[in-house]
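Report on the following structure.
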There are 2 protein chains.
Amino acid sequence: MNKKQLVKRVSQKTGLTLAESNEFLNSVLDTISETLKNKENVFLRGFGSFMVKERKPRRTMSLNTRKMIIIPGKKVVKFKTQIL
Amino acid sequence: MNKKQLVKRVSQKTGLTLAESNEFLNSVLDTISETLKNKENVFLRGFGSFMVKERKPRRTMSLNTRKMIIIPGKKVVKFKTQIL
């Protein structure tokens, strides 16, 4: 199922138009994205939670050049489901 | 951020009432849940994808009784983000 199909299904369920449903879904996804970018977790009871974890930068040796290189840290999003 | 806070934020953004926003969000989450329960993946471009994976049942030996036991298989939901 992709976003278009989700919008269609939700539009049928709620009675909102396709355009309204699309706008609303975008608003929901944008809000969750912004929250996670601010390193705040999102808990949706009965569905699951989105959590931001920080991976630390680490040092390793390049197999080609045999020099030490630094792999930069990054943020990752973990999802813990309550669905299944 | 919890569900109530998400509904409030989205209501402010879209101009829908809190009740309407809540109904819509529930409809979105329910639809995603149902889809995943039917083992169908959900792809939301620009946000991420929810994928159902099946863990196979496996045999192991109980440390207490030293008998073989079977750990039943289960379905898990993986989320791959496109956000950060």
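The values are calculated or read from the model by the stated rules, or taken from the named source; none is laboratory data. Note that the coordinates shown come from a computational prediction; the quantities given were computed from them, not determined experimentally. Here the Cβ positions follow ideal geometry from the backbone for every residue, glycine too, while neighbour counts run over all protein chains shown. These area figures cover heavy atoms from the full protein model, side chains too; ligands, DNA and RNA do not enter into them. Shrake-Rupley method; radii C 1.70, N 1.55, O 1.52, S 1.80 Å.
Among residues that are assigned by TED's automatic domain parsing to the domain that holds residue A:83 and in contact with a strand residue (DSSP E or B) (Cβ under 9 Å, 6 or more places away or on another chain), residue A:60 is included. Kindly indicate whether residue B:53 is touching a residue at least 24 places away in the same chain (Cβ under 8 Å), assigned to a strand (DSSP E or B) and open to solvent by 80 Å² or more (accessible area, probe 1.4 Å). In short, yes.
Restricting A:26, A:38 to residues that are exposed (fewer than 13 other Cβ atoms within 10 Å of the Cβ) and at pLDDT 90 or above narrows the list to A:38. Residues that are surrounded by 17 or more Cβ atoms within 10 Å (Cβ to Cβ) and within 7 Å of chain A (Cβ to nearest Cβ) were ranked within the stretch B:1-15; the one that is farthest from residue B:28 (Cα to Cα) is B:1. Restricting attention to the stretch A:59-84, report how many residues are away from chain B (no Cβ under 14 Å), within 28 Å of the chain's Cα centre (by Cα) and surrounded by fewer than 10 Cβ atoms within 10 Å (Cβ to Cβ). Matching residues across the stretch A:59-84 total 2. The residue of the stretch A:41-50 that is nearest to residue B:46 (Cα to Cα), among those that are at the interface with chain B (Cβ under 9 Å from one of its Cβ atoms) and open to solvent by less than 40 Å² (accessible area, probe 1.4 Å), is A:50.
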